[in-house]
Every structure is written in C-alpha cells, then in structure tokens.
Amino acid sequence: MKPFFDWEFARQIFPELLPGLWVTVQATVLGMALALVLGLFWTICRRVPSRIVANGAHWIVEFVRSTPLLIQLYFLFYVLPSAGIVISPLLTGLLALGLHYSAYTSEVYRAGIDAVPPGQWDASTALGLPRLHVWRAVILPQAIPRVLPVLGNYFIAMFKDTPLLAAITVGELLQQAKIIGADQFRYLEPLTIVGCFFLILSLIASRLVLTLEKRYVIRH
C-alpha cells in the first residue's frame with residue numbers, strides 16, 4: 001500500500017519543478033519592474049496641465065483596475081495576434097502583469113506624492129527649478145519611501161497571481177506541477193511542493209519588504 005504522501009516521489013519530481021519556479025520568479029520580478037515604471041508614468045501624466053493627457057491616463061488606470069487580470073491575459077494572447085501582433089506567452093504574461101499592477105502602483109504613487117507637503121512644490125517653483133529636476137530630486141525622494149510597504153505588498157500579490165499565466169500556456173510553477181500530476185496520476189506531492197515554494201518565497205519577500213520599510217520609510 002502506497003503512503004498518503006510519497007516522500008521518494010516528491011524527491012524525484014523536485015528538480016522538475018525548479019524550471020517552473022525560475023519562470024515564476026522571472027515573471028514576478030520583471031512584471032513588477034514594469035508595473036513600477038509604468039505606474040509612475042501614469043501618475044505623472046495625471047498631473048500634467050493638459051486635460052487630454054491627464055484624463056486619458058486617468059481612464060486608462062480606471063479601465064485596467066476594473067477588469068480582471070485573466071481577461072487581460074486572454075486579450076493580449078488571443079486577440080492581439082488577429083491584429084498581426086504576435087508575442088511569446090512569457091512576454092505576454094509579463095506585459096499583462098506589468099500593465100495590470102501599474103494601475104495599482106499608480107494610485108500608490110499618487111497617494112505618496114499627495115503626502116508631500118505643498119511647501120516643497122512652492123519652494124521649488126520659487127527657486128525656478130526645472131520641472132524634471134523637481135520630480136527627480138525633490139518630490140519622488142520624499143514620496144516613494146512613504147509608500148514602500150504598499151508597493152511591497154503588491155509585489156507579493158503579483159507573485160501569488162503568477163499561476164494565472166498557466167491560462168496562456170506559460171510553464172510557470174503551477175503549470176509544471178499540473179503536468180507532472182497528469183503524467184504520474186499523483187497531484188498531492190507536486191501541488192504540496194508548489195504550495196511550500198509559494199509560502200517560503202512569500203515569507204522571504206515579506207521579510208525583505210519589512211527590512212526596506214524599517215530602513216527607508218519616512219516616519220511622522
């Protein structure tokens with residue numbers, strides 16, 4: 001009689017799950033990098049004097065936030081090829097994750113920028129500093145440390161959303177576990193290992209976020 005949890009089988013399939021883990025880590029890190037850059041772009045666009053640009057950025061953010069990530073994945077993967085735009089499944093997943101979470105990081109940035117004392121803007125204007133220099137040297141260094149904990153939470157949330165990439169055939173961690181389970185007719189061990197991977201890496205990410213928070217977050 002086979003044991004409920006076969007440790008020998010778990011040891012055998014462990015190396016087979018590592019490529020999926022690497023894809024998951026790649027998708028999370030690169031997707032979050034895109035979300036941080038694109039979210040800041042949306043935030044700055046919403047503060048420019050042009051109403052067309054500001055309103056356009058606002059409605060893009062609202063649209064992305066109001067539609068599920070899975071639908072966005074399907075749209076990029078299945079609809080764009082009909083328009084002649086064909087990209088790989090992994091790149092599609094990165095773009096979808098980055099775009100989706102950029103809508104949330106944009107709101108986080110906005111809150112951090114709004115928390116900067118108005119006198120900082122007034123002083124920069126009085127000194128005649130260039131607008132780009134004001135953003136780079138005055139506003140963002142004060143705004144970003146205030147919102148690091150929230151950005152860190154979204155990083156962890158994105159990591160836990162990567163299994164959705166299996167819907168567009170990306171061989172991430174959960175997809176690899178499902179393939180092994182279907183091939184060996186045993187799902188307990190691969191899914192348990194996947195769950196442990198997510199738990200351990202989430203705890204490590206939480207600890208890193210806490211460390212950054214203690215070091216950089218502005219206290220009042």
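The values are calculated or read from the model by the stated rules, or taken from the named source; none is laboratory data. Everything numeric here is computed off the predicted structure, so don't read it as measured data. Every residue, glycine among them, receives a Cβ derived from its backbone with ideal geometry; neighbour counts consider all protein chains shown.
Residue pairs whose Cβ atoms lie under 6 Å apart, separated by 6 or more positions or on different chains, with the first residue in segment 37-64 and among the charged types (D, E, K, R) and the second in a helix (DSSP H, G or I), are Arg46/Ala54; Arg46/Ala57; Arg46/His58.
Condition first: buried (at least 19 other Cβ atoms within 10 Å of the Cβ) and touching a Lys or Arg at 6+ places or on another chain (Cβ under 6 Å). Can you find one or more residues in segment 90-100 that meet it? Checked against the condition, which is being buried (at least 19 other Cβ atoms within 10 Å of the Cβ) and touching a Lys or Arg at 6+ places or on another chain (Cβ under 6 Å), segment 90-100 yields no hits at all.
Listed conditions (1) among the small types (Gly, Ala, Ser); (2) free of Cβ contacts under 8 Å to residues at least 24 places away in the same chain; (3) more than 28 Å from Val25 (Cα to Cα); (4) loosely packed, with under 15 Cβ neighbours inside 10 Å are all met by Ser124, apart from (4). The single condition from (1) in contact (Cβ under 8 Å) with a residue 24 or more places away in the chain; (2) crowded, with 17+ Cβ neighbours inside 10 Å that Leu212 fails is (2).
Please verify whether segment 4-11 includes one or more residues that are among the basic types (Lys, Arg), part of a helix (DSSP H, G or I), at pLDDT 90 or above and touching a helix residue (DSSP H, G or I) at 6+ places or on another chain (Cβ under 7 Å).
First, pick out the residues of segment 4-11 that are among the basic types (Lys, Arg): 11.
When the remaining residues are screened for being part of a helix (DSSP H, G or I), the result is 11.
Subset that is at pLDDT 90 or above: 11.
Checking which are touching a helix residue (DSSP H, G or I) at 6+ places or on another chain (Cβ under 7 Å) leaves us with none.
There is no residue in segment 4-11 that is among the basic types (Lys, Arg), part of a helix (DSSP H, G or I), at pLDDT 90 or above and touching a helix residue (DSSP H, G or I) at 6+ places or on another chain (Cβ under 7 Å).
Of all residues in segment 141-167, those that are buried (at least 19 other Cβ atoms within 10 Å of the Cβ) and over 17 Å from the mean Cα position of the chain (by Cα) total 2. Applying a threshold of 9 Å to beta carbon distances and a minimum spacing of six or more residues, or different chains, the list of pairs starting in segment 69-95 at a residue that is modelled with pLDDT under 90 and ending at one that is surrounded by fewer than 18 Cβ atoms within 10 Å (Cβ to Cβ) and not in a helix (DSSP H, G or I) reads Leu80/Val86; Leu80/Ile87; Pro81/Ile87.
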